[in-house]
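The values are calculated or read from the model by the stated rules, or taken from the named source; none is laboratory data. A quick note: this is a predicted structure, and the numbers were derived from the prediction, not measured. Cβ atoms come from the backbone with ideal geometry, glycine included; neighbour counts cover every protein chain shown. Note: accessible area is taken over every heavy atom of the protein model, side chains too, but ligands, DNA and RNA are not part of it. Shrake-Rupley method; radii C 1.70, N 1.55, O 1.52, S 1.80 Å.
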Amino acid sequence: MIEAQPFDFPYDGKLVPAQTALMVIDLQIDFCSPNGYFASMGYDPAPLAAIVPAVNRVIAAARQAGCLIIHTRQGYRADLADMTPYEKWRRKRSGLENTQVLLRSSPGFQLLPELDVAETDVIVDKTCNSSFTYTDLEHVLRSQGITHMLFTGCTTDVCVHTTLREACDRNFQCLTISDCCASGEQWAHEAAINMISIENGIFGTVSTSDAVIAGLARAAR
């Protein structure tokens, strides 16, 4: 088991690495670089980039234990055919019209070079905040026999939380690693983390990278 709040994960004590997926959400250049989309919106990307070493340690432990590693990338088609009128309006309002920001054809769409990505990892591309919306994520999870999910990435209050909530509704057992997630505002990160464990774990459990690494090592023995 993994030491977590409001109860140790998983609730039934049956942590099986082969049935567990580590989600690494949107650790892309556009979000974590000082020259990327997130910075252009006036947010400080430094907290997002700062979690990468901890995320890499968890990735290494999860891979060693036999977990499935899934990276997600958010961005639109180069021809904008998948962008709704509202999204185009927001893009123009943000001063991003006629730019390559958040397009799959741009360098900023790629995962951070310093992120630990292996050929055996799964990459899911998405246009929405949730990694489930209009993607094959659930099909991949069900095909691989995944029942439990560990969450890392950015941002805690948007893409991580939206994916987490959908995962809970689809009956996956979920744990969020607090020091492996980040937001542009610290208060937003803290609020999102706090919301997970209310009502006795309504959106699963919360733990730290050290506790998760230790738990995975025990489960792999």
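Here's a check for you: in region 200-209, which residue that is surrounded by 18 or more Cβ atoms within 10 Å (Cβ to Cβ) and part of a helix (DSSP H, G or I) is modelled with the lowest pLDDT?
For region 200-209, the residue satisfying everything is Gly201.
Looking at region 110-154, which of its residues are within 14 Å of Ala21 (Cα to Cα) and among the small types (Gly, Ala, Ser)?
Across region 110-154, the qualifying residues are Ser131, Ser143, Gly145, Gly153.
Which residue pairs have Cβ atoms closer than 6 Å, lie 6 or more positions apart in sequence or on different chains, and pair a first residue in region 47-63 that is over 20 Å from Pro34 (Cβ atoms) with a second residue that is open to solvent by 10 Å² or more (accessible area, probe 1.4 Å) and part of a helix (DSSP H, G or I)?
The qualifying pairs are Ala61/Ile213.
Do we find that Tyr86 is farther than 22 Å from Thr127 by Cβ and aromatic (Phe, Trp, Tyr) in this structure?
So Tyr86 fails the test.
Of all residues being open to solvent by less than 60 Å² (accessible area, probe 1.4 Å) and either out of contact with any strand residue (DSSP E or B) (no Cβ under 7 Å at 6 or more places or on another chain) or not small (Gly, Ala, Ser) (or both) in region 210-221, which is modelled with the lowest pLDDT? Just the residue, please. Before the answer, list the steps.
Pass one, region 210-221, residues open to solvent by less than 60 Å² (accessible area, probe 1.4 Å): 211-217, 219-220.
The next check asks that each one be either out of contact with any strand residue (DSSP E or B) (no Cβ under 7 Å at 6 or more places or on another chain) or not small (Gly, Ala, Ser) (or both); those that pass are 212-214, 216-217, 219-220.
Values: Val212: 98, Ile213: 98, Ala214: 97, Leu216: 97, Ala217: 95, Ala219: 91, Ala220: 85.
By that ranking, first place goes to Ala220.
Select, from Ser197, Ser183, the only residue that is surrounded by 18 or more Cβ atoms within 10 Å (Cβ to Cβ) and within 17 Å of the chain's Cα centre (by Cα).
Working: Ser197 fails: within 17 Å of the chain's Cα centre (by Cα).
Exactly one residue qualifies, and that residue is Ser183.
Go through Thr84, Thr127 for me and flag whichever is closer than 26 Å to Pro47 by Cα and not basic (Lys, Arg).
Of the residues listed, the single one that is closer than 26 Å to Pro47 by Cα and not basic (Lys, Arg) is Thr127.
Hey, does region 118-138 have a residue that's open to solvent by less than 70 Å² (accessible area, probe 1.4 Å), assigned to a loop (DSSP other than H, G, I, E, B), within 18 Å of Gln28 (Cα to Cα) and among the aliphatic types (A, V, I, L, M)?
yes
Test Ile146 against the stated conditions and say whether it is open to solvent by less than 10 Å² (accessible area, probe 1.4 Å), assigned to a loop (DSSP other than H, G, I, E, B), β-branched (Val, Ile, Thr) and closer than 16 Å to Ile70 by Cβ. Even if it seems obvious, please write down each step before you answer.
Working: open to solvent by less than 10 Å² (accessible area, probe 1.4 Å): yes; assigned to a loop (DSSP other than H, G, I, E, B): yes; β-branched (Val, Ile, Thr): yes; closer than 16 Å to Ile70 by Cβ: yes.
So Ile146 passes the test.
Working only within region 160-203, note down all residues that are of a type in the set (S, T, N, Q), under 14 Å from Glu138 (Cα atoms) and without any contact (Cβ under 8 Å) to a residue 60 or more places away in the chain. Break it down stepwise before answering.
Here is the first cut: in region 160-203, the ones of a type in the set (S, T, N, Q) are 162-163, 171, 173, 176, 178, 183, 186, 194, 197, 200.
With under 14 Å from Glu138 (Cα atoms) added as a condition, the list becomes 163, 171, 173.
If the condition is that a residue be of a type in the set (S, T, N, Q), under 14 Å from Glu138 (Cα atoms) and without any contact (Cβ under 8 Å) to a residue 60 or more places away in the chain, then Asn171 is the only one that fits.
I'm told Phe151 meets every condition in (1) touching a Ser or Thr at 6+ places or on another chain (Cβ under 7 Å); (2) modelled with pLDDT under 95 except one. Can you identify the failing condition by its number?
With respect to (1) touching a Ser or Thr at 6+ places or on another chain (Cβ under 7 Å); (2) modelled with pLDDT under 95, Phe151 is out only on (2).
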